[in-house]
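Asks: Before anything else, here's the structure in question.
The values are calculated or read from the model by the stated rules, or taken from the named source; none is laboratory data. Quick caveat, the model's predicted, so the values are computed rather than measured. For neighbour counting, all protein chains shown are included, and Cβ atoms are generated from backbone atoms with ideal geometry for every residue, glycine included.
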Amino acid sequence: MPVPDFDPVFTGVTTFDESIIRDLLRKRGHLVKLRTSLIISLQNIIDRNCGTRIKVNDIKRLRARATYHVLKEQTPFMPEKLFAS
């Protein structure tokens, strides 16, 4: 009976290419987790300081210049000096 080319039993030994891919996937997972954490943190900061809730999808679409206009529209009671460009 011929021996299959692929041994499904994991031996704990990885090739160099597999370790590179594993490290990249680990880094990607870390960056995804960090991005999610930062988005939720920003959402909570805006909610706490401005008294308004911004959707996560709106936060993802924001850019630095657009943030000024979004916050200014949603928080008209805040002093103008907070929105200085």
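Asks: Do you know which residues across the range 34-56 are in contact (Cβ under 8 Å) with a residue 24 or more places away in the chain, on the phi < 0 side of the Ramachandran plot and not β-branched (Val, Ile, Thr)? Please lay out each step first, then the result.
Replies: Taking the range 34-56 as the starting set, the residues that turn out to be in contact (Cβ under 8 Å) with a residue 24 or more places away in the chain are 46, 50-51.
Now narrow it down to the ones that are on the phi < 0 side of the Ramachandran plot: 46, 50.
Matches in the range 34-56: Cys50 only.
Asks: Show me the helices (runs of 4 or more DSSP H) entirely contained within the chain in which 3 or more residues are at pLDDT 85 or above. Walk me through how you get there before you give the answer.
Replies: Numbers: elements: 16-50, 56-61, 64-74.
In the chain, 16-50 are the helices (runs of 4 or more DSSP H) which contain 3 or more residues that are at pLDDT 85 or above.
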